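Peer 1: Below you'll find the structure I mean.
Just so it is clear, none of the values below were taken in a lab; they were calculated from the coordinates. Remember, predicted model here, so these are calculated numbers, not experimental data.
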């Protein structure tokens, strides 16, 4: 039965890319197949039911955090759209940065990763995708660009996915974070240039390649050194602020026609930005001020269906997004009729996207609980050194399947580290490759694609997004895999954890409490 274990990993690709099914149908079919394979592995009828119930509990527990962000995020987008606030925010952006190319780089490499770093859960998709549409991009291009912007996932939600990966690997969190960042260092600059090609074509990418590459390098360098200096919790957000500042200053000194003809249009911009400013401020304050963070984490915790996944309701990003929705309604004096109509439209968008996310997470949990992942580990150990190329591949698969760095690490990190010990390669490098590949694998995941298509209210782009983003997931895994293979090939297969490249001070809280 061991050879059937990888089937649930491969089947979604076949259904989505080969048969071009929607994410909802592909996820449902994959879950049913996984249940059948789990029955063959577990065999005992009483254990089969228990396995599926446990997997469902875990899936609902994990999905709760994502879905409680998705629904209020869609509401916020809808209310900001119907009140005309998105157009005012775009006017403000074009006033600050005259070049449309630099506006895109700022959103993709600066603003969106900043939002991901402080909140996680795909909040950046919900907030940035509408801005890209308001800038004049088609839904498909906006979807691709906002998914390409998911480059801060290793440090997303204040680095919680990396913290969880480090805990599972029994390693210091900053070491795993820096290992991931050094293996994926070229990717921010590469995706900055790719975003220009997607948005404007090759010619524009050539003309603005220098600032795009510099912004990407600033992001990668800032992430790495700030992780060593202040820790993974705030490194991602701080490096994004450096990137945004650099691009604004570059546009000021750049001799472009867009800069010369720029006019400042800020009428109504403050009111339009107020819900977003409140949201960002609330997330930053509650996550970087220890007394506030500690108190919010300690009260009103809900264990969803006894799944073991506990959520502090007053600390969750979804709570602050709901508050931002209420603020948007109040400051714009939205009528009761408009509130009812907008809420009804949002529910209609939310249901298929939410079910897609739930089913894909359920698929991953069935694989874990039934022992399929453990059987894949046995195959990896049997392969020996030939397993090296599969480290980033499995990492990316985990991130792609679960739509979460935390989920990808929970699925494969213990297995990857165990195989590394069995075949004699550095467990620190393997943990870094797993964490980095899982992070970049999320950018093309069915869950995030469902989130993007729901945000843009366009189901038709889901198939095209899946096919196009799959190529970028493979690209990210290949880049990380090449770096990983080079480190192994050139004598770092037994890298000591005290080596200077991975030596950092750990600032993880004493109780080691990590939440996402």
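Peer 1: Work out, step by step, the length gained on full extension between residue 249 and residue 14: first 0.36 nm times the residue separation, then minus their alpha carbon distance; give nm to one decimal. Let's see the in-between values first.
Peer 2: Values: separation 235, 0.36 × 235 = 84.60 nm, distance 4.61 nm.
Contour length minus Cα-Cα distance gives 80.0 nm.
Peer 1: Could you state the angle between the C-alpha long axis of helix 23-42 and the longest principal axis of the C-alpha atoms of the chain, as a value from 0 to 90 degrees rounded to the nearest 10?
Peer 2: With rounding to tens, the tilt is 20 degrees.
Peer 1: Taking only C-alpha pairs under 8 Å that are 6+ residues apart, what is the relative contact order of the chain in percent?
Peer 2: 26 percent
Peer 1: Per residue and in cubic angstrom, what volume does the convex hull of the Cα atoms of the chain have?
Peer 2: 141 Å³
Peer 1: Nearest 10 degrees is fine. How inclined is helix 232-253 to the longest principal axis of the chain, computing both from alpha carbons?
Peer 2: It works out to around 40 degrees.
Peer 1: Here is a further query. Angle check, please: helix 390-402 long axis (alpha carbons) against the longest principal axis of the chain (alpha carbons), in degrees 0 to 90, nearest 10.
Peer 2: Taking Cα atoms only, the helix is inclined about 60 degrees.
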